[in-house]
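All remarks here apply to the structure that follows.
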Amino acid sequence: MIKRLATEMPQPARALSWLIPSLFIAGLLIYVLTRQFWPSRIAIGAAGVFLFAFGFCVFRDINGAASSWSRMYKESRGLSPEHFTFADVPTLKGMGFIYMVMAVLWLCMAVFAM
C-alpha cells in the first residue's frame, strides 16, 4: 500500500509526499552535523510548507489525490469500490485538512522555536 501511494499517487501530491520526510530528515541531519539550529529550522519550515501543499492537494482532491488514495486502499484490501471503509474520499479530505493544520504547527515551530 505504501509503495503504491509513493509511486502511483497523482502529481503534485506524489512529489510533495516525497519532499516532506526528506526535508524533515535533512533538517535533523543538519542539526546533528553542524549543531546550529537555524539551518534545521529552515528545513523544517520548508517541510511545513510542502506538508501544507500536500494537505491542500488531498483536501481539495487535486488531480484525484484523495480519490486515488481511497481506490488504492480498497484494492489493497480486496474490497469492492462501493464498499464503505474509513478510507473513503470524505475521510481522506478530512485527513488533508489535518495535514494542513499540522503544517501550520510545523511552520510555527520553525519560526518561533528558541
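The values are calculated or read from the model by the stated rules, or taken from the named source; none is laboratory data. Since the model is a prediction, treat every value here as computed from it, not as a measurement. Neighbour counts run over all protein chains shown; Cβ positions are idealised from the backbone, glycine included. Heavy atoms of the whole protein, side chains included, go into the accessibility calculation; ligands, DNA and RNA do not. Shrake-Rupley method; radii C 1.70, N 1.55, O 1.52, S 1.80 Å.
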Can you tell me how many residues within region 90-114 are surrounded by 13 or more Cβ atoms within 10 Å (Cβ to Cβ) and either outside any helix (DSSP H, G or I) or touching a His at 6+ places or on another chain (Cβ under 7 Å) (or both)?
0
I need the full set of residues from region 6-18 which are in a helix (DSSP H, G or I) and crowded, with 18+ Cβ neighbours inside 10 Å, in order please.
A13, R14, L16, S17
In this structure, does F86 turn out to be open to solvent by 40 Å² or more (accessible area, probe 1.4 Å) and not acidic (D, E)?
yes
What about G55, is it under 15 Å from the mean Cα position of the chain (by Cα) and either part of a helix (DSSP H, G or I) or more than 30 Å from D88 (Cα to Cα) (or both)?
yes
Can you run down the residue pairs with Cβ atoms below 8 Å, 6 or more apart or on separate chains, where the first is in region 84-100 and among the aromatic types (F, W, Y) and the partner is part of a helix (DSSP H, G or I)?
F97/G55; F97/F59; Y99/L51; Y99/F52; Y99/F54; Y99/G55; Y99/V58; Y99/F59
Every listed condition ((1) under 18 Å from E8 (Cα atoms); (2) in a helix (DSSP H, G or I); (3) aliphatic (A, V, I, L, M)) holds for A87 save (2)
K74 on the phi < 0 side of the Ramachandran plot, touching a His at 6+ places or on another chain (Cβ under 7 Å) and open to solvent by less than 80 Å² (accessible area, probe 1.4 Å)
yes
Filter region 26-45 for residues that are free of Cβ contacts under 8 Å to residues at least 40 places away in the same chain, surrounded by 14 or more Cβ atoms within 10 Å (Cβ to Cβ), hydrophobic (A, V, I, L, M, F, W, C) and within 12 Å of V111 (Cα to Cα) and give the result.
A43
Could you tell me which residue of region 71-107 is farthest from I42 (Cα to Cα), considering only residues that are at pLDDT 85 or above and in contact with a Leu (Cβ under 7 Å, 6 or more places away or on another chain)?
Y99
Enumeration of residues in region 62-71 that are at negative phi and surrounded by fewer than 18 Cβ atoms within 10 Å (Cβ to Cβ)
I62, S67, R71
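Just to be sure before I move on: is L23 within 28 Å of A110 (Cα to Cα) and touching a helix residue (DSSP H, G or I) at 6+ places or on another chain (Cβ under 6 Å) in the structure I sent?
Answer is yes for this residue.
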Among the residues listed as A47, A26, A13, the single one being modelled with pLDDT of 85 or more, within 22 Å of I98 (Cα to Cα) and small (G, A, S):
A47
